[in-house]
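What follows is a short report on a single structure.
The values are calculated or read from the model by the stated rules, or taken from the named source; none is laboratory data. Note that the coordinates shown come from a computational prediction; the quantities given were computed from them, not determined experimentally. Here Cβ is always computed from backbone atoms with ideal geometry, including for glycine, and neighbour counts include all displayed protein chains.
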Amino acid sequence: MLNVNPLSEQSFRPFGKVLRTPERPPDGSSEAHNYWDRELEWTGSTSVNYLAIKQRDLLLSQMERHRDTREMLLLLQGTCYLAVAPAGVLAADKIAVFELKPGDAVCLDAGVWHDLPFSRQDSAAFLVIYKDGTAQHDLELVPLPATEAIAGALSGAESNLLGA
């Protein structure tokens, strides 16, 4: 069983970056705003995509990666679980699962294994940003040797219901 971890910059570091309000001074500021420039940069054309996730069983049977491309996920609606594993050879014992809440944004490093997020409600919605053409030219999908169940929801009530 895979346990769900809270999302933090430190715990997510092996897989990429959590995008939150930077701790450095803003690059621009006024009475109405603070602005931080270049939190992420891509070379070449980028693609901004809308991903609608449907609720499904919490069973992980495959993972994908983009060898040459980072991928940013911004959760717009719903609560989701995101399964990831470090770049390199895919190993089931290296899979980590994180809970994402509306407004959470992560950028997966190139080569990091991941699956479509698992929605905790009927549906969820993401903005997905990556290099243009990634879905057509930089997608490797691999089945896991055995299906992994996701358990250990973060709230006490959910944990009790799942028997975690």
*Can PRO102 be described as in a loop (DSSP other than H, G, I, E, B) and either surrounded by fewer than 19 Cβ atoms within 10 Å (Cβ to Cβ) or out of contact with any His (no Cβ under 6 Å at 6 or more places or on another chain) (or both)?*
yes
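Would you point out which residue out of ALA83, ALA124 is more than 17 Å from GLU71 (Cα to Cα) and either assigned to a strand (DSSP E or B) or basic (Lys, Arg) (or both)?
Residue meeting the stated conditions: ALA124.
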*Do we find a residue being modelled with pLDDT under 95, within 19 Å of VAL112 (Cα to Cα) and in contact with a strand residue (DSSP E or B) (Cβ under 8 Å, 6 or more places away or on another chain) anywhere in segment 32-42?*
yes
*Can you name every residue in segment 22-66 that is aromatic (Phe, Trp, Tyr) and over 20 Å from the mean Cα position of the chain (by Cα)?*
TYR35, TRP36
*Residue that is nearest to GLN121 (Cα to Cα), among those in segment 47-61 that are in contact (Cβ under 8 Å) with a residue 60 or more places away in the chain and not in a strand (DSSP E or B)*: GLN55
